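Written below as structure tokens is the structure these notes are about.
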Amino acid sequence: MVTERSAQVVVASNRGPVAHAFAEDGGLTARRGGGGLVSGLSAIGPDTDAVWVCAALGDADREAVRRAGRRLDADDTGGQSVRMLDIPPEIFGAAYNGVANSVLWFTHHLLYQTPLEPSFDAEAAGRWAAYEAYNTAFADALAEEAAEGAAVLVQDYHLALTPALLRERRPDLRVGHFSHTPWAPPDYFRLLPDATAAAVLRGVLGADRAAFLTRRWADAFTACCAEVLGAEVSYGTGDGDGTGDGGDTETRITYAGRTTRIGVHGLGADGRFLRERSRRPDVAERMAELRAEIGPDRRTIVRVDRTELSKNIVRGLHAYRELLTERPEWRERVVHVALAYPSRQDLAVYRDYTAEVGRVAEKINADFGTPGWTPVVLHVRDDFARSLAAYRLADVALVNPIRDGMNLVAKEVPVVSDAGCALVLSREAGAHEELGADALTVNPYDVTATAHALHDALTMEPEERTERNVRLAAAATALPPAKWFLRQLDALRED
């Protein structure tokens, strides 16, 4: 159904641009978010009729929906039109934690311990039904919001089924899907039940255009479509990387009588925002606090991550331990500033991992620390100002994920670092595709090689470090969030 409030541009994502909390008096407070989608919607201008469809993530969000009705109060959303869906908590929980974060995320990041997991039984089938219902709720809302021929940009693995469901309801729309994660290669993707694997691929192929952060992830998706679905893949000259230069090979996937174009858009850091935000007084305060913890005249190895399993924080700590063991000259001369912010603590495996990060850090401090030197400065409370302060103080940035769609930390640190930093970067991070030439590349599973890379980074000549940092910062900001969003929108409309 098309309504009088229909929009020319619609964005769909699990998390929206605003989150609510209950105040002490029973009222609601709203906190606006940031990121690429927020910047992108702002970039298309206030005169563009755009709507953001997202899910209520908790009780306060649900109460806001009940009070506001179809659209949230514009005063809470920065003037954006936001439709937040009050999906029943049991459906949301089973879809979000039971499928999106415990199945699809694990599959695309290759996280399963395959002798024991995954195991798909009757309970798993019930969770999958909830995931289908969750995606259906989004498809219904998008069909109601979008004007005739509107552009709809669906985001990420939470909504893999939505493009095809929306296509059934509104074949007139221009639908795009963007994957912010890696995509699993066919052999690993086939860990999923056959029907589930096929449904995910068919869901994304409901889009006119499916886009990814790197060519590697796009090629993996293409291979899955060919091997799992038997889809036809063709190649031609086009702007498949979204740069507009016409020099990339454009991939097209044809299945069940429809053709989906494949695009690549490597999300960059927002350099202007980061430089301005990192010079505010609260960041200066956090820098002073960190300097006091680090101590005078010491080098810094900085990491900033959520305690997400794929971020590989524990192996990074083990590599730092090996550095101190094999290179005792660094004892009392270097500090590992580890900002490890708890993630997904409603899942037991994430709680256990977060606890392990703390145990390993404490053991390093107990074994190597002295009265005047704490080898690992660990902070677990999320604090963006402190993250920026750590970026500015970094001599070395350690970014060693097992697998990552992009990893913006790798791009943000060189932009903000005061003196220029050396970047130790996993070859399995999507950012490696753009930054690898000026980073010190590591195999994320090789603790010894990572320790060696940390030593090489710490001993890099200042001139070389500065020159590399300049090139890293330039590459990192080549496609900032607003431009990244608009490139996708333009490519979707041009087809």
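Values in this text are rule-based calculations from the coordinates and carry no lab data. What you are looking at is a predicted structure, and each value in this text was computed from that prediction instead of being measured. Cβ placement follows ideal geometry from the backbone for every residue including glycine, while neighbour counts extend to all protein chains displayed.
Could you work out Rg/(2.2 N^0.38 Å) for the range 120-190, with Rg from alpha carbons only?
On the way: Rg = 13.9 Å, N = 71, 2.2 N^0.38 = 11.1 Å.
Its radius of gyration relative to the 2.2 N^0.38 Å reference: 1.25.
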For this session: Report, in debye and to the nearest 20, how large the dipole of the range 71-175 comes out about its Cα centre when Lys and Arg carry +1 and Asp and Glu carry -1 on their Cβ.
Result: 320
For this session: Please list, or write none, the lysines whose alpha carbon is within less than 22 Å of the alpha carbon of residue 483, excluding same-chain residues fewer than 8 places away.
Result: 411
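Full-extension gain between residue 443 and residue 59, please, as 0.36 nm times their residue separation minus the C-alpha to C-alpha distance. Don't jump to the answer; show the numbers that get you there.
Details: separation 384, 0.36 × 384 = 138.24 nm, distance 4.20 nm.
Here the answer is 134.0 nm.
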Seminar exercise, completed: Share (percent) of C-alpha pair distances in the range 383-486 greater than 22 Å works out to 26
Problem set entry | Karplus (6.51, -1.76, 1.60) ³J(HN,Hα), θ = phi - 60°, over the range 84-89, in Hz, Gly and Pro reported as x | 9, 8, 8, 6, x, x
Seminar exercise, completed: Classified through the alpha carbon gyration tensor (a ≥ b ≥ c as square roots of its eigenvalues; rounded if a/c is under 1.5, else prolate when a/b is larger than b/c, else oblate), the range 111-233 comes out oblate
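Compute the projected area of the convex hull of the Cα atoms of the chain, averaged over all viewing directions, and report it in nm² to one decimal place.
Working: hull surface 95.3 nm².
The directionally averaged projection comes out at 23.8 nm².
D for the range 194-339, whole µm²/s, Stokes-Einstein with Kirkwood Rh over alpha-carbon pairs at 25 °C and 0.890 mPa s: what number?
124
Just to be sure I follow the definition: excluding the sites themselves, where is the longest run in the chain that has none of the GluC sites (Glu not before Pro) in a DSSP loop with at most 10 other Cβ atoms within 10 Å? The partial results should precede the final answer.
Numbers: sites that count: 4, 24.
Maximal segment without exposed cleavage sites: 25-495.
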Exercise. Going through the range 394-495, which trypsin sites (Lys or Arg not before Pro) have at most 15 other Cβ atoms within 10 Å and a DSSP loop state?
Worked result: 427
Exercise. From a point 7 Å beyond the Cα of residue 282 in the direction of its Cβ, which residues of the range 348-389 have a backbone N at a distance under 19 Å?
Worked result: 379-389
Exercise. Long-range amide H contacts for residue 250: which residues qualify at under 5 Å (H placed 1.01 Å from N, peptide plane, sequence gap of 5 or more or a different chain)?
Worked result: 236, 237, 238, 240
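Where Rh is the Kirkwood radius over the Cα pairs of the range 400-445, the temperature 37 °C and the viscosity 0.692 mPa s, what D in µm²/s does Stokes-Einstein return? Walk me through the numbers before you get to the answer.
Details: Rh = 10.5 Å.
Translational diffusion coefficient: 313 µm²/s.
Would you mind calculating the relative contact order of the chain from Cα pairs under 8 angstrom and at least 6 residues apart, reporting the percent as a whole number? Working shown, then result.
Numbers: 991 pairs, mean separation 68.8, N = 495.
Once normalised by length, the contact order is 14 percent.
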Seminar exercise, completed: Filtered hits (lysines, Cα-Cα < 18 Å from residue 363, offset >= 8 within chain) -> none
Exercise. When the C-alpha atoms of the range 280-319 are aligned to their principal axes, what extent does each axis show, in angstrom, from largest down?
Worked result: 33, 24, 11
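Just to be sure I follow: if Rg is taken over the C-alpha atoms of the range 45-200 and Rh is the Kirkwood radius over the same atoms, what is Rg/Rh? Don't skip to the answer; put the middle values down first.
Numbers: Rg = 16.9 Å, Rh = 16.9 Å.
Result for the range 45-200 is an Rg/Rh of 1.00.
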Problem set entry | Karplus-derived 3J(HN,Hα), 6.51/-1.76/1.60, for each residue of the range 275-283, Hz, glycine and proline x | 5, 5, 5, 6, 9, 7, x, 5, 6
Exercise. What angle, in degrees between 0 and 90 and rounded to the nearest 10, separates the Cα long axis of helix 215-224 from the longest principal axis of the Cα atoms of the chain?
Worked result: 50
